[in-house]
Amino acid sequence: MENQKKQLAETLAGVLENITADEIGKLIETPPDSSMGDFAFPCFKLAALYRKAPQKIAEETAEKLQGTEGYSEIRNVNAYVNFFMDRAATSSSVISEAIEKGENYGNSDLGANRPVIVEFSSPNIAKPFHIGHLRSTVIGNSMAKIYKALGYDVIRINHLGDYGTQFGKMIVAYRRWGNEEEVRSEPIKTLLKYYVRFHDEAEKDPSLEDEARATFTKLERGEKEEVELWQWFREESLKEFSYVYDMLGIEFDSYAGESFYSDKMDRVVDMMQEKGLLKESEGAMIVDLEEYGMPPALIRKSDGSTLYITRDIAAAIYRKETYDFYRNIYVVASQQNLHFKQWFKIIELMGFDWADQCVHVPFGMVSLEDGTMSTRHGKVVFLLDVLNKAVEKTREIIAEKNVPAEDLDQTAHDVGVGAVMFQELSNNMIKDYTFSWDKVLNFDGETGPYVQYTHARCASVIRKAGEDADAILTGQVKPDLSLTGSDVVYELVKAIGRFPSVVREAGERYEPSLITRHITDVAELFNKFYHDEYILVEDREERLARIAIVIATKLTLKNGLALLGVSAPDRM
Ligand code: ARG
């Protein structure tokens, strides 16, 4: 419906003075209910421009546009002009565009290949990949796909938490209570056990904390034994993370994590020094941010070691120099809001005019039904367990359905993993939510399996349609869409037509859940059509028109799911 909207803006620009088609386009609304038309143009904002009552403007505009081609009716209601599109023409253009674009339906070249970095996932080494990381991973993956679909050149970065004082702790704990064999057989769970023990023991014996700090300083100085242990922990952890990423079907272009910047820090600290931003405070270096209503940022500790924030600043500068990004997006939990605000400000104070190209996209916290997660206390839900359980349950459900035995494993994987990912992308991302097994494994209602099932239903209709469907797909026949006049069908067609603008909005607002919601709507409308009407009707011309709509529906669902990182099996 984007073309239709653009067209309408041009048409309005033709009869309105002192306002451009672009400005008009921003005012055009889509009424919630089709009885009020396909588009509505509110005239309130024009009142000041023309020094006239909005009702009067709406009335005159409607008058001038009577008889415009492509509209079955143009009606004035109060301060609005309501436009009813010619249904046959609209349906035909929406459906043929979807079929022609196929896999690319929903994509655009808005981005003109400008580089956009999406940093996401970024788990901490030697700690479990738990469901808290799932949100960043799944949302970031979707965001990267959306930006790619919008024509940007996307760079996916995993800013691994592979550095910092916690490695001092880990090394101390390993030396005291560790056992090599135990680590090799179950790396992350074992390392976590040591980490938890470290915190327990440090409560009784605070000198352990000092020892950990000293050990991290040795690591920073590059001392052999410490570096070797650290590398080993990192490798073992990455193996486990890769397993999760493979399962989710997620890849990264770069794993440059915090340690990658360890040799790039001095330069950055010098730059801050030159700009006169650093202040000494009890031997440490800080940036005072009081003027901006924020606590000071600690840049370098008195023992010379750098911090999380220093590494983020170094990373941003490195990324600008390396990728010359147009946007540098961070998908990170809202608990870190202050952290990002602080260092974005520091980048600005350092004089970098690209500070405003850095965007923190926060998401809400995940808690467990019996309270918050805490790595330190070993209270976590492991992502791998969640995924395996979801796949297992799916296998049980679909084994009774008509999935061919040879596809069972793949389908159980696609649907089980898809269910978990889809649920992550269903909630408005800033909202906190409570993880619940019941919800994740519920396959009814507004869930991933529901949309996937609707997609498979389309596939089944298309299989039944046989040669007719092929003829449409290969462009041999152009169905006459004026033959499908029902309201249900028209609503479905319009929802298909809105898909590209939903993708754009999801990108602009950093909100993949807009796509989740939209394809759920498309699935619901399709199911209404499927239940209320015959699709493979007797009359060939009409049958072709209906099949074309099924094909376009299938494409929209498949492309929408793909943007969420969820696959769409043809049978389930
Ligand atoms: N490793 C951090 C954590 O798990 C997240 C990193 C976020 N990214 C960043 N550039 N600071 O909390």
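Tabulated data
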item: Some residue of the stretch 452-461 being modelled with pLDDT of 95 or more, β-branched (Val, Ile, Thr) and within 21 Å of the chain's Cα centre (by Cα); result: no
item: Yes/no for residue 127 being over 30 Å from the mean Cα position of the chain (by Cα), within 16 Å of the ligand (Cβ to nearest atom) and touching a residue at least 40 places away in the same chain (Cβ under 8 Å); result: no
item: Scope the stretch 157-180; condition surrounded by fewer than 22 Cβ atoms within 10 Å (Cβ to Cβ), touching a residue at least 60 places away in the same chain (Cβ under 8 Å) and more than 13 Å from the ligand (Cβ to nearest atom); matching residues; result: 165
item: Residue ID - surrounded by the most Cβ atoms within 10 Å (Cβ to Cβ), chosen from residues in the stretch 97-126 that are acidic (Asp, Glu) and closer than 20 Å to residue 506 by Cβ; result: 119
item: Test: residue in the stretch 190-197 that is open to solvent by 90 Å² or more (accessible area, probe 1.4 Å) and in contact with a helix residue (DSSP H, G or I) (Cβ under 7 Å, 6 or more places away or on another chain); result: yes
item: Count - residues of the stretch 46-68 that are buried (at least 17 other Cβ atoms within 10 Å of the Cβ) and of a type in the set (A, V, I, L, M, F, W, C); result: 5
item: Elements of type helices (runs of 4 or more DSSP H) in the stretch 159-238, at least 1 residues being within 30 Å of residue 251 (Cα to Cα) and β-branched (Val, Ile, Thr); result: 165-177, 180-185, 187-204
item: Among the candidates 496, 535, 549, 472, residue that is open to solvent by less than 30 Å² (accessible area, probe 1.4 Å) and either in contact with a Pro (Cβ under 7 Å, 6 or more places away or on another chain) or modelled with pLDDT under 90 (or both); result: 472
item: Subset of the stretch 130-156 [away from the ligand (no atom under 15 Å from the Cβ), open to solvent by less than 20 Å² (accessible area, probe 1.4 Å) and hydroxyl-bearing (Ser, Thr, Tyr)]; result: 142, 147
item: Those residues of the stretch 267-288 which are open to solvent by 90 Å² or more (accessible area, probe 1.4 Å) and part of a loop (DSSP other than H, G, I, E, B), in sequence order; result: 275, 282
item: Residues that are open to solvent by 30 Å² or more (accessible area, probe 1.4 Å), of a type in the set (D, E, K, R) and within 16 Å of the ligand (Cβ to nearest atom), drawn from the stretch 250-266; result: 253, 264
item: Residue in the stretch 333-344 that is open to solvent by less than 50 Å² (accessible area, probe 1.4 Å), of a type outside the set (Val, Ile, Thr), at pLDDT 95 or above and under 18 Å from the mean Cα position of the chain (by Cα) present; result: no
item: One residue from 386, 361 being β-branched (Val, Ile, Thr), assigned to a helix (DSSP H, G or I) and either open to solvent by less than 40 Å² (accessible area, probe 1.4 Å) or at pLDDT 95 or above (or both); result: 386
item: Counted residues, the stretch 311-335 - those being near the ligand (Cβ under 8 Å from one of its atoms) and part of a strand (DSSP E or B); result: 3
item: Test result for residue 16, surrounded by 15 or more Cβ atoms within 10 Å (Cβ to Cβ) and touching a residue at least 60 places away in the same chain (Cβ under 8 Å); result: no
item: Residues of the stretch 198-226 that turn out to be under 26 Å from residue 238 (Cβ atoms) and either under 36 Å from the mean Cα position of the chain (by Cα) or surrounded by 12 or more Cβ atoms within 10 Å (Cβ to Cβ) (or both), as a count; result: 13
item: Long-range neighbours under 9 Å by Cβ, at least six apart or interchain, first residue under 20 Å from residue 265 (Cβ atoms) within the stretch 319-348, second away from the ligand (no atom under 11 Å from the Cβ) and open to solvent by 60 Å² or more (accessible area, probe 1.4 Å); result: 323/153; 342/292; 342/295; 342/296; 344/356; 345/292; 348/356
item: In the stretch 392-407, the residues that are outside any loop (DSSP other than H, G, I, E, B) and either under 16 Å from residue 453 (Cβ atoms) or of a type outside the set (A, V, I, L, M) (or both); result: 392, 393, 394, 395, 396, 397, 398, 399, 406, 407
item: For residue 295: the one exception among (1) away from the ligand (no atom under 11 Å from the Cβ); (2) part of a helix (DSSP H, G or I); (3) open to solvent by 10 Å² or more (accessible area, probe 1.4 Å); result: (2)
item: Residue that is surrounded by the most Cβ atoms within 10 Å (Cβ to Cβ), among those in the stretch 69-96 that are under 15 Å from residue 5 (Cα atoms) and among the acidic types (Asp, Glu); result: 86
item: Scan of the stretch 418-464 for residues that are of a type in the set (Lys, Arg) and within 27 Å of residue 550 (Cα to Cα), ordered by number; result: 457, 463, 464
item: Single unsatisfied condition, residue 223 versus (1) touching a helix residue (DSSP H, G or I) at 6+ places or on another chain (Cβ under 7 Å); (2) at pLDDT 90 or above; result: (1)
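The values are calculated or read from the model by the stated rules, or taken from the named source; none is laboratory data. The model shown is predicted, which means the values in this text are computed figures rather than measured ones. In this analysis, Cβ positions are derived from the backbone assuming ideal geometry, glycine residues included, and neighbour counts consider all displayed protein chains. Only protein heavy atoms, including side chains, enter the accessible area calculation; ligands, DNA and RNA are left aside. Shrake-Rupley method; radii C 1.70, N 1.55, O 1.52, S 1.80 Å.
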